[in-house]
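Undergrad: Questions regarding the structure given below will be posed in turn.
The values are calculated or read from the model by the stated rules, or taken from the named source; none is laboratory data. Computed from a predicted structure; not experimentally measured. Don't worry about glycine lacking a Cβ; one is built from the backbone with ideal geometry, like all the others, and counts go over all protein chains shown. Areas reflect the complete protein model, heavy atoms only, side chains present, ligands, DNA and RNA absent. Shrake-Rupley method; radii C 1.70, N 1.55, O 1.52, S 1.80 Å.
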Amino acid sequence: MSATRAALPPKQQLVETGRPVDRRRGSTLLRHLAIVLVVGLLVVGVSYAVEPFRNFQLATVAAYLCATAGLTVLTGLNGQLSLGHGALMATGAYTVALCQNAFSDRGMTGGWLLALSLVAAIVSTVAIGAVVGVAAARLRGPYLAGVTLAVAVVVPALAVTFDGVFNGEQGLSVPVEPPPMSLGPYFPYERWQLWLTGAATLLALLLLANLIRSRYGRTFRAVRDDEVAARLAGIHVARTQVLAFVVSAATAGLGGALLAVLAQSVSPGAFSLTLSLFLLMAVVIGGLGRLTGALWGAVLLVALPDLTHSATEMLTLSPAVAQRLEGNLPLAIFGLTLIVVMIAAPGGIHGLLSRLGRRLRARRS
């Protein structure tokens, strides 16, 4: 080691030599890969242990997790508020529907076609996210919320306006091939759906987790904490905000595409403004800034409508009142839950569980 390098503080020596830093990055990647492998094996085991409907619910959770994880990066790590992620999910859903229908009309078959459609959905959503991100980087506060709110209203309306392409309110079907014959002639289709969505979601989470731990994640947090200080430190604030929006849009597009594949159809009503509000409330309740919080939010998005439907069935109500409650009750319960969580546990479910874990460890020690 040269005299100049020896005179540097230990942290600067690490940055200059690069070897310890690369080793640490490599260990982080290996740890994330190990977690993804363990979770993937767990998902496969659970898929054999539960009934087909639960497999479908878990697959839906995985699809929503893509969107909530991306929104966590955007809002929790970069500090940008978005009310239009439901529209970004709609972009991915309609893209995969158009691609699958085009392949089906041409008689093209093969498992790789669905992967190609998912990639096309991500690319189209990235393009939309880049345009919105450039506009969002110039705005702050309510103006930023207003732009994303306009996106949430405009995109579903386009599907109704251009009904010759998107088939209006009826939407489009999404043809999906059955499970491979190598899995057996009686392999449950819902289990295959869980495997597909689980694999795509775990890959997306792996990329997001490594992005958060990289220097890009640090710049996201720096811009969120203080834009002026970040600018003085040499960070291009606008470019960082656009990058965060693009990453979040890509995962939202993947989540919307996976939802379309699960439902085998897509329509404007499935991606209304209410969905965007649900997504934002879900990540806040789950815990902003943590991918674990995004997981809790995705679970709530699937579990809450099911619970409200069961609750309305237990009550003796007229069909009109029951239908009205089923449509509005989930949003009301989400709002009340958000208020309670913000008062009792500002860090969301993840923060509450973390504090409980620290207290238990403190008592044991």
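Undergrad: Could you tell me whether segment 113-226 comes out rounded, prolate or oblate from its Cα gyration tensor? Rule is a ≥ b ≥ c as square roots of the eigenvalues, rounded for a/c under 1.5, then prolate if a/b exceeds b/c, otherwise oblate.
TA: Taking the square roots of the gyration eigenvalues as a ≥ b ≥ c, segment 113-226 is oblate.
Undergrad: Further question on the same structure: How would MET89, MET281, MET181, MET108 line up by accessible area, probe 1.4 Å, largest first?
TA: Ranked from most to least accessible, the order is MET181, MET108, MET281, MET89.
Undergrad: Can I ask one more? How far apart, in nm, are the 7 Å Cα→Cβ label points at VAL131 and ASN210?
TA: 3.1
Undergrad: Do you know the relative contact order of the chain, to the nearest whole percent, from alpha carbon pairs under 8 angstrom that are 6+ apart?
TA: Reported relative contact order: 29 percent.
Undergrad: Using the per-residue mean of other Cβ atoms lying within 10 Å as a proxy for protection, in what order, highest first, do the peptides 173-179, 256-262, 57-63 fall?
TA: 256-262, 57-63, 173-179
Undergrad: Then there is this: Taking the convex hull of the alpha carbon atoms in the chain, what volume per residue do you get, in Å³?
TA: For the chain, the hull spanned by Cα atoms encloses 203 Å³ per residue.
Undergrad: Suppose every Lys and Arg Cβ carries +1 and every Asp and Glu Cβ carries -1, with no other charges. What dipole size does segment 117-220 come out with about its Cα centre, to the nearest 20 debye?
TA: Here the size comes out at about 760 debye.
Undergrad: Would you grab the residues whose amide H sits under 5 Å from the one on SER265? Only those 5+ places off in sequence or on another chain, please, with H modelled 1.01 Å from N.
TA: Hits under the 5 Å cutoff: VAL174.
Undergrad: What distance in nm lies between label points placed 7 Å from Cα along the C-beta direction at VAL154 and ARG140?
TA: About 2.4 nm, to one decimal.
Undergrad: Please say if segment 22-142 is rounded, prolate or oblate, where rounded means a/c under 1.5 for a ≥ b ≥ c the square roots of the C-alpha gyration tensor eigenvalues, and otherwise the choice is prolate for a/b larger than b/c and oblate otherwise?
TA: oblate
Undergrad: First compute the accessible area of segment 38-169 with a 1.4 Å probe, then give the percent of it belonging to carbon and sulfur atoms.
TA: Carbon with sulfur: 73 percent of the solvent-accessible area.
Undergrad: May I ask for the angle, rounded to the nearest 10°, between helix 141-161 and the longest principal axis of the chain, with both axes built from Cα atoms and the value confined to 0 to 90°?
TA: Taking Cα atoms only, the helix is inclined about 30 degrees.
Undergrad: Within segment 122-202, report the chymotrypsin sites (Phe, Trp or Tyr not before Pro) that DSSP leaves as loop and that have at most 10 other Cβ atoms within 10 Å.
TA: Sparse-neighbourhood loop chymotrypsin sites (Phe, Trp or Tyr not before Pro): TYR186.
Undergrad: Now for a different question. Quick one: dipole size for the chain, taken about the Cα centre, charges +1 on Lys/Arg Cβ and -1 on Asp/Glu Cβ, in debye to the nearest 20.
TA: That gives a dipole near 2200 debye.
Undergrad: If you don't mind, another one. Would you mind classifying segment 27-96 by shape? Square roots of the alpha carbon gyration tensor eigenvalues, ordered a ≥ b ≥ c; an a/c under 1.5 is rounded, otherwise it is prolate if a/b is larger than b/c and oblate if not.
TA: Note, shape of segment 27-96 comes out oblate.
Undergrad: Measuring from label point to label point, each 7 Å out along Cα→Cβ, what is the THR161 to ARG231 span in nm?
TA: 3.5
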